[in-house]
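Worksheet: the structure to be examined is printed underneath.
The values are calculated or read from the model by the stated rules, or taken from the named source; none is laboratory data. In this text, all values refer to a predicted model and were calculated from it rather than measured experimentally. FYI the Cβ positions are ideal-geometry reconstructions off the backbone, even for glycines, and counts take in every protein chain you see. Accessible surface is based on the protein model in full, side chains and every heavy atom, while ligands, DNA and RNA are left aside. Shrake-Rupley method; radii C 1.70, N 1.55, O 1.52, S 1.80 Å.
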Amino acid sequence: MHLDLPDTTRLPRPGEVHGKHYYFVSREEFLRLIDEGAFIEHAEFSGNFYGTSFMTVREVSGAGRRCILDIEAQVRGRLHLHRPQLLTVNGLS
């Protein structure tokens with residue numbers, strides 16, 4: 001199993017590395033990816049976008065692992081979930 005590596009529009013925190021902790025992208029790039037249908041899920045939180053791309057999940061599954069999406073509880077009401085049939089959700093009521 002492997003945690004997802006989400007895209008985000010927020011700036012990197014000290015010690016965070018692009019492609020290791022997140023994929024850091026501009027707001028314009030993120031909105032373009034939304035329009036292209038690139039995300040399994042995405043949400044806006046504290047003025048920044050976060051999302052898990054189909055590409056990330058394909059990379060993980062291509063390595064023979066299952067991808068775990070780590071979605072903050074605070075975004076549940078604002079979550080845009082695409083292709084929910086692909087996901088198993090635990091811990092949500």
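Being of a type in the set (Asp, Glu), modelled with pLDDT under 95 and part of a helix (DSSP H, G or I) holds for only one residue in 44, 28, 59, and it is 59.
Going by what's in this entry, would residue 16 be described as out of contact with any strand residue (DSSP E or B) (no Cβ under 9 Å at 6 or more places or on another chain), modelled with pLDDT of 90 or more and of a type in the set (Asp, Glu)? It is false that residue 16 is out of contact with any strand residue (DSSP E or B) (no Cβ under 9 Å at 6 or more places or on another chain), modelled with pLDDT of 90 or more and of a type in the set (Asp, Glu). Would you please name the residue that is nearest to residue 3 (Cα to Cα), looking only at residues in the stretch 38-74 that are in contact with a Leu (Cβ under 6 Å, 6 or more places away or on another chain) and open to solvent by 60 Å² or more (accessible area, probe 1.4 Å)? Residue satisfying both the conditions and the ranking: 68. Selection within the stretch 1-25: residues that are outside any strand (DSSP E or B), in contact (Cβ under 8 Å) with a residue 24 or more places away in the chain and open to solvent by less than 70 Å² (accessible area, probe 1.4 Å). The member of this set that is nearest to residue 70 (Cα to Cα) is 4.
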